[in-house]
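Data first, discussion second: the structure below is written as structure tokens.
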Amino acid sequence: MTEHRVRPRVLVFDSGVGGLSVAGSIHKALPGAELVYVADNAGLPYGDKTEQVVVERCCWLIRESLGRRPCDVVVVACNTASTVVLPALRAVSDIPVVGVVPAIKPAAACSGNRRMGVLATPATVKRAYLDDLIRTFAADCEVVRLGHPDLVRWAEDLVAGRAPDQARVNLALAPLRDAGVDTVVLGCTHYPLLVPWLRKALPEVVNWVESGDAIARRVAYWLEQSGQLAEGQALPPKTEAVVINACFTGDAPSDLVPFMSAMGIPVGDIAGHWPGTTAAGSV
Ligand code: DGL
């Protein structure tokens, strides 16, 4: 049976809570759209997994979610997953798939002293596509890459009610302070959640550049292409349960409800240990 929906619906996928920063940007740009959130936090961090495992887990979970809650666009709101999963996902998906890349181009456009930092996971800083982005868009900049193993965990802890330790954040960001960068690219979707602590650690940084707004524009483009944007925008903004469903493959973070309300993306149904089956079949 075909489901009748009034609002456009977007699936936002990440390995954990990082995609919430992207969900926030999508809601800001498209307040009439409803969102479904899927986080593979039982598989986090994706940076430690082989490419094959990341592709299998993403395709399985996104397919499961779409089977239960059809959507109009899928957003892979994870840099690590986007580097490997997009071709496989596009091959099996009949709706548009939007990925995320570190925002090197806009960062290069706004750096005044031509010194910038790329803050990402240890996996993302090593990817060849980052070399290509830097070569193409920031060839005249000195670019310092910082792949830190703990920042994703600190963002996860934040949504579970434990704020990061500022002294540890200061220490983690010391290489960027020493390099005198005026611009930092947040090359992991978890990191915008940590911006208050990052700003305190590097008060001299002028530009903190993330990818959320660019992703939201891409989602709007696809909804426009399928004729849903005019309708979606004409709808009143969603005030209750912007994220109609949030599914976590592990435990749902304990402070999720207040955290998302404070972000302006209140959540409806929450599922932990979702979907209750393994990629191969039953539990
Ligand atoms: N939010 C993911 C990203 O943007 C976290 C990466 C991971 O799970 O390793 O890369």
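The values are calculated or read from the model by the stated rules, or taken from the named source; none is laboratory data. None of the values given here were measured: they were computed from a predicted structure. FYI the Cβ positions are ideal-geometry reconstructions off the backbone, even for glycines, and counts take in every protein chain you see. To get the accessible areas, we keep the full protein, side chains included, count just its heavy atoms, and leave off ligands, DNA and RNA. Shrake-Rupley method; radii C 1.70, N 1.55, O 1.52, S 1.80 Å.
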- Task: For the stretch 81-96, enumerate the residues that are touching a helix residue (DSSP H, G or I) at 6+ places or on another chain (Cβ under 8 Å) and within 10 Å of C58 (Cβ to Cβ).
- Result: A81, V84, V85, A88, L89
- Message: If I filter the stretch 126-136 for residues that are touching a residue at least 24 places away in the same chain (Cβ under 8 Å), buried (at least 18 other Cβ atoms within 10 Å of the Cβ) and among the hydroxyl-bearing types (S, T, Y), do I get at least one hit?
- Response: no
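For residues in the stretch 141-180 being assigned to a strand (DSSP E or B) and of a type in the set (D, E, K, R), which is farthest from L194 (Cα to Cα)?
Restricting attention to the stretch 141-180, the residues satisfying the condition of being assigned to a strand (DSSP E or B) are 142-147.
Subset that is of a type in the set (D, E, K, R): 142, 145.
Working: E142: 24, R145: 18 Å.
This residue is E142.
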- Considering only the stretch 48-88, how many residues are within 16 Å of the ligand (Cβ to nearest atom), in contact (Cβ under 8 Å) with a residue 40 or more places away in the chain, more than 22 Å from L186 (Cβ to Cβ) and open to solvent by 50 Å² or more (accessible area, probe 1.4 Å)? 2
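Of the residues P149, P96, P106, only one is exposed (fewer than 15 other Cβ atoms within 10 Å of the Cβ) and not charged (D, E, K, R); which?
Working: P96 fails: exposed (fewer than 15 other Cβ atoms within 10 Å of the Cβ); P106 fails: exposed (fewer than 15 other Cβ atoms within 10 Å of the Cβ).
Every option except P149 fails the conditions.
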- Task: Could you grab the pairs with beta carbons closer than 6 Å, sequence gap of 6+ or different chains, first residue in the stretch 182-195 and in contact (Cβ under 8 Å) with a residue 12 or more places away in the chain, second one among the hydroxyl-bearing types (S, T, Y) and within 10 Å of the ligand (Cβ to nearest atom)?
- Result: G187/T124; C188/T121; T189/S21; P192/S21; L193/S21
- Query: What pairs come up if the first residue lies in the stretch 22-45 and is free of Cβ contacts under 8 Å to residues at least 24 places away in the same chain, the second is outside any helix (DSSP H, G or I), and their beta carbons are under 8 Å apart, counting only those six or more places apart or on different chains?
  - Reply: none
- Only one residue in G24, G19 is open to solvent by less than 10 Å² (accessible area, probe 1.4 Å) and not hydrophobic (A, V, I, L, M, F, W, C). Which one? G19
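To keep it simple, each residue is scored yes or no on (1) in a loop (DSSP other than H, G, I, E, B); (2) within 12 Å of the ligand (Cβ to nearest atom); (3) among the polar types (S, T, N, Q).
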{"residue": "V101", "(1), (2), (3)": "yes, yes, no"}
{"residue": "K105", "(1), (2), (3)": "no, no, no"}
{"residue": "A108", "(1), (2), (3)": "no, no, no"}
{"residue": "N113", "(1), (2), (3)": "yes, no, yes"}
{"residue": "M116", "(1), (2), (3)": "no, no, no"}
{"residue": "L119", "(1), (2), (3)": "no, yes, no"}
{"residue": "A123", "(1), (2), (3)": "no, yes, no"}
{"residue": "Y129", "(1), (2), (3)": "no, no, no"}
{"residue": "T136", "(1), (2), (3)": "no, no, yes"}
- Message: It is to be established whether one or more residues within the stretch 212-235 are open to solvent by less than 60 Å² (accessible area, probe 1.4 Å), closer than 25 Å to R68 by Cβ and of a type in the set (K, R).
- Response: no
- Collect the residues in the stretch 21-44 that are near the ligand (Cβ under 10 Å from one of its atoms), of a type outside the set (S, T, Y) and outside any loop (DSSP other than H, G, I, E, B), keeping them in residue-number order. V22, A39
- Task: Looking at (1) within 23 Å of V101 (Cβ to Cβ); (2) surrounded by fewer than 16 Cβ atoms within 10 Å (Cβ to Cβ); (3) under 19 Å from the mean Cα position of the chain (by Cα), find the lone condition where G187 falls short.
- Result: (2)
